[in-house]
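What follows is a single structure, written as structure tokens, with notes after it.
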Amino acid sequence: HDFHITVTLADFNIKVFQGDEVILDAPVGVAADNTPSPGGTYYTTSLLQPPDPNSVYGTYAYGLSAFSEVLESFSGGPGQLGIHGTNDDASIGTEVSHGCIRIEHPVALAQFALKGMPEWTEDRIREAMGRGESATLRLAEPVPVLIAYGTLIVKAGRTHFFDDIYGHDRRLDA
């Protein structure tokens with residue numbers, strides 16, 4: 001496949017690409033400054049459906065190959081990070097998580113993850129969301145994920161400045 005994901009932390013944004021075409025462009029919630037999302041290139045490992053769709057993870061989550069640089073575990077599991085839904089839409093556009101990326105479009109997230117599996121229609125995804133059962137689906141092919149941090153970004157020839165939410169620019173002044 002030719003899918004990839006880019007998360008721009010300081011811009012609170014996620015873009016999902018198929019080749020050069022943006023197929024999802026959405027705001028996200030990012031990690032708080034005491035448990036920052038580590039920048040880097042990762043990949044998806046699985047698509048998870050938490051047992052409680054009203055939890056902080058929302059209805060669906062991508063497991064990532066990324067791990068927290070601060071926390072060794074989350075809820076008894078390893079400190080693995082993810083891109084997941086949310087039960088609090090007000091958290092989108094804020095620094096709120098322990099390292100994960102929160103997105104407000106769980107069905108779009110699941111549809112993207114399951115594109116290579118035609119039996120997973122939008123109706124089947126919505127039905128599964130309503131069951132309240134935990135499920136893990138290994139993805140046929142991992143999807144590359146770039147988590148980028150920057151306080152200056154050029155978009156469409158215009159320069160945009162963002163708050164230094166994790167305080168990394170202080171290191172440049174030293």
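List of remarks:
- Look at (1) at pLDDT 80 or above; (2) within 24 Å of G40 (Cβ to Cβ); (3) open to solvent by 60 Å² or more (accessible area, probe 1.4 Å) and you find that A156 fails only one, number (2).
- Test: V22 is without any contact (Cβ under 8 Å) to a residue 12 or more places away in the chain and over 13 Å from the mean Cα position of the chain (by Cα): yes
- The residue of the stretch 58-69 that is nearest to L48 (Cα to Cα), among those that are touching a strand residue (DSSP E or B) at 6+ places or on another chain (Cβ under 9 Å) and not in a strand (DSSP E or B), is Y60.
- Single condition A113 does not satisfy, out of (1) within 18 Å of L24 (Cβ to Cβ); (2) among the hydrophobic types (A, V, I, L, M, F, W, C); (3) in contact with a Gly (Cβ under 8 Å, 6 or more places away or on another chain): (3)
- Within the stretch 25-42, being part of a strand (DSSP E or B) and open to solvent by less than 30 Å² (accessible area, probe 1.4 Å) holds for A26, V28, G29, V30, A31, G40.
- Per the conditions (1) of a type in the set (S, T, N, Q); (2) under 21 Å from E141 (Cα atoms); (3) crowded, with 16+ Cβ neighbours inside 10 Å, the sole criterion not satisfied by S68 is (2).
- Scanning the stretch 74-97 for residues being open to solvent by less than 50 Å² (accessible area, probe 1.4 Å) and outside any loop (DSSP other than H, G, I, E, B) gives a total of 8.
- Verdict on R102 being open to solvent by 30 Å² or more (accessible area, probe 1.4 Å) and not small (G, A, S): no
The values are calculated or read from the model by the stated rules, or taken from the named source; none is laboratory data. Predicted model only: the values in this text are computed from it and were never measured. Note: ideal-geometry Cβ built from the backbone for every residue, glycine included; neighbour counts use all protein chains shown. Quick note on the areas: whole protein, heavy atoms, side chains included, nothing else; ligands and nucleic acids left out. Shrake-Rupley method; radii C 1.70, N 1.55, O 1.52, S 1.80 Å.
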